[in-house]
Amino acid sequence: IPVREILALEIASLKGVEVVDVETLALKLSGLAGGVKKLKLLGTGLIPATDEMSVGAKQPDSEARNLKTLFQDLWQGFKSVMVIRHHGQPVSALLPPDQQLFIQQNLQLQLEAARVSLLRGNQPLFDSSLKSAARLLNEYFDTDDVRVNSYLNEIEALTRFDVRPQLPDISASMIALREQLKKVAE
């Protein structure tokens, strides 16, 4: 009976340990790495200019052209070509295609490193790889994009997992069983 009590306590402590589904997390990281090329990088999209000329201005007749209307037409033409936008934050420069590829591959590499460290049970490398992936997403990708936000949320959720949880000591029941067997053998 004392051995069974110890065994019941150890079984309860083992059931209290949160089990990590390593295979599912590894597949999730692999899927994230595979979808990196679909993410929108900063400085790669073109913003179409609005046509302010057609909104409120009417075209004068060709007979009524004078110096004043000529300057107005020139100014309207210049405004339609040159558009100044205020974003409230620094605008990143356009990235050449080779640098875009480099950033995408670096993000893929960080996600694959997180997957390998997950499979090996290396918590510090797992956390470091996920932190680097989140940093790359925040620095080089458009965080207003839905996919990029989804990636950031997934990485945030993955950082909460303990790759190798601390297991309780269950040797007390074995020691008690051996002592019980010695008593019976005597």
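Numbers for the structure displayed
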| item | result |
| --- | --- |
| Among the candidates Leu74, Leu125, residue that is farther than 21 Å from Asp144 by Cα and modelled with pLDDT of 90 or more | Leu125 |
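Residues are listed down the side, and each one gets a yes or a no for (1) farther than 29 Å from Leu29 by Cα; (2) free of Cβ contacts under 8 Å to residues at least 24 places away in the same chain; (3) open to solvent by 70 Å² or more (accessible area, probe 1.4 Å):
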residue	(1), (2), (3)
Phe141	no, no, no
Asp145	no, no, no
Ser150	no, yes, no
Ile155	no, no, no
Leu158	no, no, no
Pro168	no, no, no
Ala172	yes, no, no
Arg178	yes, yes, yes
Lys182	yes, yes, yes
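The values are calculated or read from the model by the stated rules, or taken from the named source; none is laboratory data. Remember, predicted model here, so these are calculated numbers, not experimental data. Every residue, glycine as well, gets a Cβ built from its backbone with ideal geometry; the counts of neighbours run over all protein chains shown. Side chains are part of the model used for accessible areas, which takes the heavy atoms of the whole protein and leaves out ligands, DNA and RNA. Shrake-Rupley method; radii C 1.70, N 1.55, O 1.52, S 1.80 Å.
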